[in-house]
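The values are calculated or read from the model by the stated rules, or taken from the named source; none is laboratory data. Predicted, not measured: the structure shown is a model, and the values here were computed from it. Glycine also receives a Cβ, built like all others from the backbone with ideal geometry; neighbour counts cover every protein chain displayed. Please note that ligands, DNA and RNA were not included when accessible areas were found on the heavy atoms of the full protein model with its side chains. Shrake-Rupley method; radii C 1.70, N 1.55, O 1.52, S 1.80 Å.
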Amino acid sequence: MSRLVVDFITCDAHGICAELLPEWITLDDWGYPKLHTGAIPPELLPHARRAVAACPTLALHLRDH
Amino acid sequence: MTSVSTGRAVDPSRRAAPHPGLPRLIPGVITDLREHLDRYGSLPSLRRRDARGAFFDAVDHSGLRGRGGAAFPTARKLHAVANGRRGAFVVANGAEGEPASQKDSTLMRAAPHLVLDGALIAADAVRAGTVFVVVDRNDVMAFDAMAAAIDQRRAAYPGGPTVELVGLPSRYVAGESSALVNFLSGGPAKPMFVPPRPYERGIRGRPTLVQNVETLANLALIARYGADWYRGLGTADEPGSVLVTVGGAVALPGVYEVALGTPMSTVLEVVGGVTEPISALLVGGYFGSWIDAAAVDKLEVTHAGLARAGGTLGCGVITAFPASRCGVHESVRVARYLAEETAGQCGPCVNGLSAIVGGIETLAAGRPAERTRADVLRWLDDVSQRGACHLPDAVVEFLRSALDVFGEEFSRHELHWKCSATDPEPLLPLPDPATRDWGWR
Ligand SMILES: Cc1cc2nc3c(=O)[nH]c(=O)nc-3n(C[C@H](O)[C@H](O)[C@H](O)COP(=O)(O)O)c2cc1C
Ligand code: SF4
């Protein structure tokens with residue numbers, strides 16, 4: 001059971017996560033990520049990991065629980 | 001068991017538990033330590049293992065929940081900090097950032113020693129060497145009352161944990177627990193990204209028990225009189241009493257202690273009744289929501305009861321809003337205040353709240369663009385749960401309930417009809433612009 005969470009204090013609205021994981025992440029009017037809630041489906045997990053690694057401000061976190 | 005306080009034998013008298021009824025927390029103004037001890041007896045020491053076990057049992061069975069707004073079970077945090085790393089801290093949270101609330105200030109002025117007792121017994125339980133008592137730096141009376149009480153303690157019992165009194169920037173979010181930890185660690189009084197939560201990793205990375213001052217005052221009574229005594233008031237799920245700040249169109253506004261489970265209509269009777277017809281109640285402060293006056297008879301003062309009515313008890317603010325005033329104007333005023341109180345850290349909060357307030361002001365002014373209402377509703381959805389702290393959620397709850405309860409008045413405004421209010425005076429308390437605190441340090 002993995003969930004994605006955003007640390008909005010460090011997020012700078014680069015939007016890379018939404019490009020790498022459009023199935024799960026869209027952007028609001030100001031470019032900040034909006035995430036679906038709940039557990040990431042297993043088939044999206046590799047993309048989620050890539051998005052976490054690609055965030056320039058390290059604001060995206062994958063949590064297990 | 002010997003009677004000692006902060007580890008030292010002082011007063012051999014142990015008072016028999018008083019009647020479990022009201023008043024419990026504020027029987028009068030007791031600022032003198034002797035008088036306090038005469039009334040309550042001395043605080044038990046938890047140094048002995050059996051005393052410690054008995055204290056944790058009592059807190060477990062008491063069912064005490066936090067009085068800072070979130071109603072989190074106190075026992076859970078207490079256990080977590082006690083079982084965490086050594087070198088824990090205790091923080092007595094007297095920030096009272098909610099402008100409409102006065103209960104923490106009143107409690108600190110009337111029963112400073114009970115608050116200190118609670119902080120000291122908590123420190124004993126989690127083996128903390130330092131207690132921070134945090135008070136809004138603009139609340140001079142509460143600050144001075146706590147300072148005097150701490151001085152009396154130091155003189156009476158040298159030794160024991162270090163108690164430090166700290167003045168906090170007077171900001172809406174500064175009393176949030178991670179903001180307190182940030183401030184007490186030398187940073188700005190701004191919330192931090194959690195987890196780790198303060199009770200896991202707080203001040204200097206140590207487990208930190210942050211409790212509201214009213215919670216601590218209750219803890220002081222539970223430590224002395226036990227869980228059964230504590231449960232002698234309130235409901236099975238929400239035992240005890242609660243301090244409420246009742247304001248607006250009531251005969252005797254002020255802070256009252258009532259049993260949890262008291263019908264809202266009884267609370268309004270206790271404060272002398274409403275002085276004019278009311279259109280709504282604002283319950284829970286600006287972190288709470290508007291509830292239509294028609295529902296008053298069905299409301300009871302519990303977290304669960306108010307949640308069933310779509311509201312929240314929060315920190316116990318109950319404001320009777322008169323039908324003579326404009327709910328639209330009031331809601332815009334408060335929403336603007338909340339948006340100004342952003343800590344400026346989170347994109348959705350910074351951008352979203354100012355957009356929402358701009359939109360709602362446009363609706364209130366009348367003849368908005370066609371999309372304005374839809375934009376506001378979408379932004380309310382968008383900022384929900386998207387901040388490091390819950391400030392955006394406060395705005396969402398407050399405005400969604402306003403749009404619902406004052407729906408007709410909003411329509412009048414949008415159609416640019418005459419506002420139905422007959423009294424243009426603002427009612428809900430906001431900080432005085434002359435002394436408003438804009439600092440974070
Ligand atoms: C934006 C925000 C502001 C808060 N302000 C206060 C406050 O002024 N006083 C307070 O006791 N709790 C406040 N809280 C709640 C604290 O974070 C924390 O939950 C509480 O102090 C814990 O004590 P309790 O469990 O005894 O209620 C606030 C929470 C949020 C999200
Ligand atoms: S949500 Fe707003 S007030 Fe809360 S930490 Fe983020 S920017 Fe600050």
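Observations
- A:K34 accessible area, 1.4 Å probe, all protein chains in place, Å² to nearest 10: 60
- Legend note: in the protein assembly as shown, cysteines whose Cβ sits 4.7 Å or more from every other cysteine Cβ are A:C11, A:C17, A:C55, B:C315, B:C326, B:C389, B:C419.
- Length released on extending from B:A251 to B:S265, taking residue separation times 0.36 nm less the Cα-Cα span: 3.6 nm
- Tilt relative to chain B, helix B:391-405 - C-alpha long axis, 0 to 90 degrees, to 10: 50
- Burial ranking of peptide ranges B:387-397, B:252-262 (average Cβ count within 10 Å, highest at the top): B:387-397, B:252-262
- In this simple spin-label model, placing a label point 7 Å from the Cα along the Cα-to-Cβ direction at both B:E361 and A:L62 gives a separation of 4.4 nm.
- Fraction of accessible area attributable to carbon and sulfur, region A:2-64 (%, probe 1.4 Å): 54
- Cross-link pairs beyond the 27 Å C-alpha cut-off, checked among B:K77/B:K190; B:K103/B:K190; B:K103/B:K298: none
- Within region A:32-56, backbone nitrogen closer than 19 Å to the virtual label 7 Å beyond the Cα of A:S2 toward Cβ: A:34-56
- Chains B and A together, accessible area buried on both sides, 1.4 angstrom probe, square angstrom: 1300
- Residues in region A:15-32 that, when all protein chains are in place, have 30 Å² or more less accessible area than the chain alone would give (probe 1.4 Å): A:D28, A:D29, A:W30, A:Y32
- Between 0 and 90°, nearest 10: helix A:45-54 axis offset from chain A longest Cα axis: 30
- Between region B:130-165 and region B:332-373, the alpha-carbon centres lie 39 Å apart.
- With semi-axes defined as the square roots of five times the eigenvalues of the C-alpha gyration tensor, the equivalent ellipsoid of region B:83-233 measures 22, 19, 16 Å, largest first.
- Cβ-Cβ FRET estimate between B:K298 and B:E425, R0 fixed at 25 Å, reported to 0.05: 0.25
- In nm, spacing of pseudo-spin labels at B:A16 and A:T26 (7 Å Cα→C-beta vector): 6.8
- With the alpha-carbon atoms of chain B aligned to their principal axes, the span from lowest to highest coordinate is 72, 44, 37 Å, starting with the largest.
- FRET efficiency estimate (nearest 0.05) - Cβ-Cβ, B:D38 to A:D12, R0 60 angstrom: 0.50
- Sulfur and carbon atoms: percent of accessible area, chain B [1.4 Å]: 51
- With Cα atoms, 0 to 90° folded angle of helix B:213-230 axis to chain B main axis: 60
- Take each residue in B:386-394, count the other chain C-beta atoms within 10 Å of its C-beta, and the mean is 2.
- Global geometry of the protein assembly as shown, whether rounded, prolate or oblate, following the gyration tensor of its Cα atoms and the 1.5 cut on a/c: oblate
- Under conditions of 25 °C and 0.890 mPa s, region A:2-64 yields 216 µm² s⁻¹ as its translational diffusion coefficient, taking Rh as the Kirkwood radius over Cα pairs in the Stokes-Einstein equation.
- Using a simple spin-label model with pseudo-atoms 7 Å out from Cα toward Cβ, B:Y157 and B:Q385 lie 4.4 nm apart.
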